[in-house]
Amino acid sequence: MALKSYEQELLDRIESGLKIGPAWERSANDKTLDVQDPATGEVLKTIADATVTDAVRALDAAVDAQPGWANSPTRARSNVLRRAFDLLMERKDEFALLIAMEMGKPIAEARSEVSYGGEFLRWFSEEAVRVHGDYRQNPEGTGNIVVSQHPVGPCYFITPWNFPLAMATRKIAPAIAAGCTSVIKPAELTPLTTIYFVQLLEEAGLPPGVVNVVPTSDPSAQSGTLLSDPRLRKLSFTGSTQVGIRLMEAAARNVLRTSMELGGNAPFVVFEDADLDKAVEGVMLAKFRNIGQACTAANRVIVHDSVADEFVRRVSEKVAVMTIGRGADEGNQVGPLIDQRAIAKTARLVADAVKNGGEIVTGGEIIDGPGHFFQPTVIDRIDPAAAMMREEIFGPVLGVVRFSTEDEAVTIANDTEYGLVSYVFTENIGRGGRMIEKLESGMVGLNTGLVSNAAAPFGGVKQSGVGREGGFDGIREFLSAKYTLIPR
Ligand code: NAD
């Protein structure tokens, strides 16, 4: 299938090199990597594949740029971010198309990602000029304590493929605002959006070396070297818990600051007193956004016995008529999964759920290629022993578990090592309050299926991570407090 002419023109505008300091460069050994369209398997673009030597040179550039950037006026940093926001909004359709092409999500959702990702630029352009310390007296009355905030220093960012723009801006924007330089390694499956975004930052006036980009097909070698480099001061990672743990171990050996946004296993609880219209709308968003490939995706839909039949019927009717196809083509509601591994995992989890007594109401099958498509699926009466109760599904499969008491719902919801987000649907305000207290997660959606917002502290507890991105908290991850004692 040939690319449309406007798609090809967009791809032609994207740099194929590594961004190291001021230049876009080839890889040290001329290695390249192919970026594919997951809907067709077609190669979209071939880009430089960074070697470890390239990554070290990128860190050299970040280290060189660090003092100048740390000393730049906060208004200058704010202005770069604001210009970047304005440019991104002007090019919203272009970025949305690129995201849809390399990642596969429906173009309408890709536009939402550009809006969401862009908000981090605007939010942190506003936060950049509001970093402040404080002035205290020691209790003995013998001295004054002055607390000032300073950039942490050069950072290493590793981002996943499922939100190629927003996961990059959520790290890059607060780092720029705080006065930190960085090296970013986007996911090898979706590096084009990050590259194009860094081109935009350059146009917005970001000085050379402040953000450097080194996509690689060998992330383990790259991270091993950079995380042990004594000049690096911080790791910010978004991805799976499994990889996150390995990176935290490596970061610990170099005593790095870390922000870890890891996996999820979100419960979506529907009580008997829920507004079912809201709950159905909420689950469609929480489950099927991004083809189910979101850390915030509803992974376990936990529904009260008395409303489960109606809930399952209404959701299944909607799911059965979802339009499936290439994300970049207007109008589709379900795009491809990212690769064949994702298809195999989804099929395994569905087969396991059925073996454990789950009943497929709609979907359940792999769709023949080209591309990596799986039917949007609803499975009722999932057994607590089913693998999809513990593992992130990361596909368009909604499994319903039934419960009868509030305590039982809480027990099921918290029975996981993850704790990123929980969703609760109830019209009973007292129950809503109790659930917010009892649910073990960093975020709660009360009668809503979408919590992401640049002004809010996004992040998890338990094995879903450490640290927060966005909100007032987001910039703190890039600052260190320095205390000075002034004797009286
Ligand atoms: P992944 O962990 O496989 O990969 C994430 C990134 O880590 C990619 O850039 C990859 O190249 C890199 N990576 C893999 N092995 C590495 C290594 N040894 N050293 C250094 N880097 C390495 O995850 P994924 O499949 O890309 O993304 C999906 C996962 O991300 C899910 O678990 C999802 O829940 C999670 N996620 C979390 C959030 C959040 O904010 N909490 C947001 C989006 C995705």
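The values are calculated or read from the model by the stated rules, or taken from the named source; none is laboratory data. Bear in mind that the values here come from a model prediction, so they are computed numbers and not experimental data. With ideal geometry, Cβ positions are generated from the backbone for all residues, glycine too; neighbour counts draw on all protein chains shown. Accessible surface is based on the protein model in full, side chains and every heavy atom, while ligands, DNA and RNA are left aside. Shrake-Rupley method; radii C 1.70, N 1.55, O 1.52, S 1.80 Å.
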Report task. Report the dimensions of the chain along its three principal axes from the alpha-carbon atoms, largest first, rounded to Å. Result -> 67, 67, 40
Query - For G41, residues with placed amide H under 5 Å, excluding near neighbours - result: G371
Requested in this report: Indicate the gyration tensor shape class of the range 55-195 (rounded, prolate or oblate), computed on the Cα atoms with a ≥ b ≥ c the square roots of the eigenvalues: a/c under 1.5 is rounded; otherwise a/b larger than b/c is prolate and the rest oblate.
Outcome: prolate
Report summary line: Rounded to two decimals, the Rg over Rh value of the range 345-488 from Cα coordinates and the Kirkwood Rh reads 1.11
Report summary line: Hydrodynamic radius by Kirkwood for the range 1-64, inverse mean 1/r across distinct Cα pairs, in Å, is 13.2
Query raised in the report: When the Cα centres of the range 205-223 and the range 134-178 are compared, how far apart do they sit, in Å?
Result: 20
Requested in this report: Rounded to the nearest Å, what's the spacing between the alpha carbon centres of the range 434-488 and the range 360-378? Just the number, please.
Outcome: 36
**Report entry** Rounded percent of accessible protein surface that carbon and sulfur make up, the range 277-427, 1.4 Å probe
**Finding:** 50
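Evaluate Rg over Rh across the range 423-468, taking Cα atoms for both radii and Kirkwood's formula for Rh.
Result for the range 423-468 is an Rg/Rh of 0.99.
If you wrap a convex hull around the alpha carbons of the range 121-208, what volume per residue comes out, as a whole number of Å³?
Working: hull volume 10.8 nm³, N = 88.
Each residue corresponds to 123 Å³ of Cα convex hull volume.
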Query raised in the report: Using the per-residue mean of other Cβ atoms lying within 10 Å as a proxy for protection, in what order, highest first, do the peptides 154-166, 431-443, 39-51 fall?
Result: 154-166, 39-51, 431-443
Query - Span from the the range 298-322 Cα centroid across to the the range 43-90 one, whole angstrom - result: 45
Report summary line: Length-normalised contact order of the chain, Cα under 8 Å, at least 6 apart, in percent, tallies to 18
Report task. Beyond 23 Å between alpha-carbons counts as too far, so tell me which of K105/K355; K105/K438; K234/K482 fall in that bin. Result -> K105/K355; K105/K438
Report summary line: With x for Gly and Pro, the residue-by-residue ³J(HN,Hα) of the range 63-79, computed from phi through the Karplus equation 6.51 cos²θ - 1.76 cosθ + 1.60 at θ = phi - 60° and given in whole Hz, is 5, 4, 7, 4, x, x, 6, 4, 8, 5, x, 4, 5, 5, 5, 4, 5
Query raised in the report: How high is the relative contact order of the range 355-405, in percent, counting Cα pairs under 8 Å that sit 6 or more residues apart?
Result: 36
Report task. Note down, for the range 279-413, the three equivalent ellipsoid semi-axes (square root of 5 times each alpha carbon gyration tensor eigenvalue), biggest first, whole angstrom. Result -> 24, 16, 13
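With the Cα gyration tensor of the range 178-271 giving a ≥ b ≥ c as the square roots of its eigenvalues, does the rule (a/c under 1.5 for rounded; else a/b larger than b/c for prolate; else oblate) give rounded, prolate or oblate?
Numbers: a/c = 1.80, a/b = 1.24, b/c = 1.45.
Oblate shape, in that a/c is at least 1.5 and b/c is the bigger or equal ratio.
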Report summary line: Dipole check, the range 28-134, charges on Cβ (K,R +1; D,E -1), about Cα centroid: among L88, W123, V35 the Cα furthest to the positive pole belongs to W123
Query raised in the report: If contacts are Cα pairs under 8 angstrom and at least 6 residues apart, what is the relative contact order of the range 1-137 in percent?
Result: 22
Query raised in the report: For q = 0.14, 0.15, 0.21 Å⁻¹, what log10 I(q)/I(0) does the range 252-355 give under the Debye formula with an equal point scatterer on each alpha carbon and no solvent?
Result: -0.70, -0.78, -1.27
Query raised in the report: In whole percent, how big is the carbon plus sulfur part of the accessible area of the range 170-276, probe 1.4 Å, protein atoms only?
Result: 55
Requested in this report: Round to the nearest 10 and give me the degree value, 0 to 90, for the angle of helix 192-203's Cα axis relative to the longest principal axis of the chain.
Outcome: 40
Report summary line: The farthest towards the positive end of the charge dipole of the range 190-271, of the residues T241, T216, T193, given +1 on Cβ of Lys and Arg and -1 on Cβ of Asp and Glu, is T241
Query raised in the report: Once the Cα gyration tensor of the range 408-488 is found, what semi-axes does its equivalent ellipsoid get, as square roots of 5 times the eigenvalues, in whole Å, sorted largest first?
Result: 32, 14, 14
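Over all directions, the average projected area of the alpha-carbon convex hull for the range 129-180 comes to how many nm²?
About 5.3 nm², averaged over all directions.
Taking a probe of 1.4 Å, how large is the accessible area per residue of the range 375-450, in Å²?
Result: 37 Å² per residue.
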